[in-house]
1. How much of the accessible area of the stretch 1-77, probe 1.4 Å, is carbon plus sulfur, in whole percent?
2. Protein chains only, probe 1.4 Å: how do Arg48, Arg99, Arg6 rank by accessible area, largest first?
3. Can you tell me the mean projection area, over all orientations, of the convex hull of the stretch 123-277's alpha carbons? Units nm², please.
4. Would the chain count as rounded, prolate or oblate if I go by the C-alpha gyration tensor, calling it rounded below 1.5 in a/c and otherwise prolate when a/b exceeds b/c, oblate otherwise?
5. Could you work out what % of the accessible surface of the stretch 171-216 is carbon and sulfur, using a 1.4 angstrom probe and leaving DNA, RNA and ligands out of the count?
6. Let me cross-check Tyr16: its accessible surface, 1.4 Å probe, with only protein heavy atoms counted, in Å² to the nearest 10?
7. Quick one: length gained pulling His256 to Ala200 fully straight, 0.36 nm per residue minus the C-alpha distance?
8. Protein chains only, probe 1.4 Å: how do Leu17, Leu28, Leu220, Leu238 rank by accessible area, largest first?
Amino acid sequence: GSVWSRLGAEVTVVEYLPRLMAGMDEELAAAALRIFTAQGLKFRLGCRVQSAKAVGGVGRVTFIDADNTEQTLEAEKVLVAVGRKPFTDGLGLESVGVRLDNRGRIEIDDHFRTSVPGIWAIGDVVRGAMLAHKAEEEGVAAAEIMAGKAGHVNYDAIPNVVYTDPEIASVGKTEEELKAAGVPYKKGSFPFKFNGRARAMNAVDGFAKILAHAETDRILGAHIIGPQAGHLIAELVLAIDMMASSEDVARTSHAHPTLSEVIKEAALAVEKRAIHQ
């Protein structure tokens, strides 16, 4: 939808849930809604789609809106994005005894072994996020384990990127997850509008946010919406994987003028020490 909008199309997003991007940080999702609405995208949240049909060369979508009223939208194109499912049909898994779970995914243990000795599984056909880089890490780990080495994947350090403009990137825990688990935390955020490189690029929408343990200062999660967020998140993925603290990131020199300074400032903001805000 973001791409089609930038190409000049009028875009309406019909979403079943009352918010965007379920599973991502709520503050990040709220910022995305504001930014994309300002770009001209229209959002119909809390709507239950009843049907989508091609009528006379036009896509017609019927849905029940948040007020429980039936509505109809017509469009040249209807893009359906309701998630993914594992592609395990037709692989002959049942014939060799490989077990599947109730969602059609191959069951594995913590070492990627299936229910049949000698058969391993990774990636989109097993539990977890359906991300290419997650599958890559699992493939390497599985091969290492097969070779008798200590293969391991830290699933708390797998980034998730939404390739809109601005980009959205996240790693680790959200605020909502930390609250639900009763984990004490502190947070720091810093907006791109106070970053010199972002201002020079005329790309000032968004912010970076770092969540750290209130007692140990270990980084637990990081969330970015802004220019090149998919690149910037890598530093915080490494920080989480290395069990770094927000102070570790805050004391690391970041080149000026770069977008990466937003990460340093967000880390400083965890202790309310941001320099340029």
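1. 50 percent
2. Numbers: Arg48 95, Arg99 140, Arg6 115 Å².
Sorted by accessible area, descending: Arg99, Arg6, Arg48.
3. 10.2 nm²
4. Numbers: a/c = 2.04, a/b = 1.04, b/c = 1.96.
Here the chain falls in the oblate category.
5. Taking all protein chains in place, the stretch 171-216 shows 47 percent carbon and sulfur surface.
6. 140 Å²
7. Extra length from His256 to Ala200 when fully extended: 18.9 nm.
8. So, going from the largest accessible area down, we get Leu238, Leu17, Leu220, Leu28.
The values are calculated or read from the model by the stated rules, or taken from the named source; none is laboratory data. Treat the numbers as computed from the prediction; the structure is a model and nothing was measured. Here the Cβ is made from the backbone with ideal geometry for all residues, glycine too, and neighbour counts use every protein chain on show. Quick note on the areas: whole protein, heavy atoms, side chains included, nothing else; ligands and nucleic acids left out. Shrake-Rupley method; radii C 1.70, N 1.55, O 1.52, S 1.80 Å.
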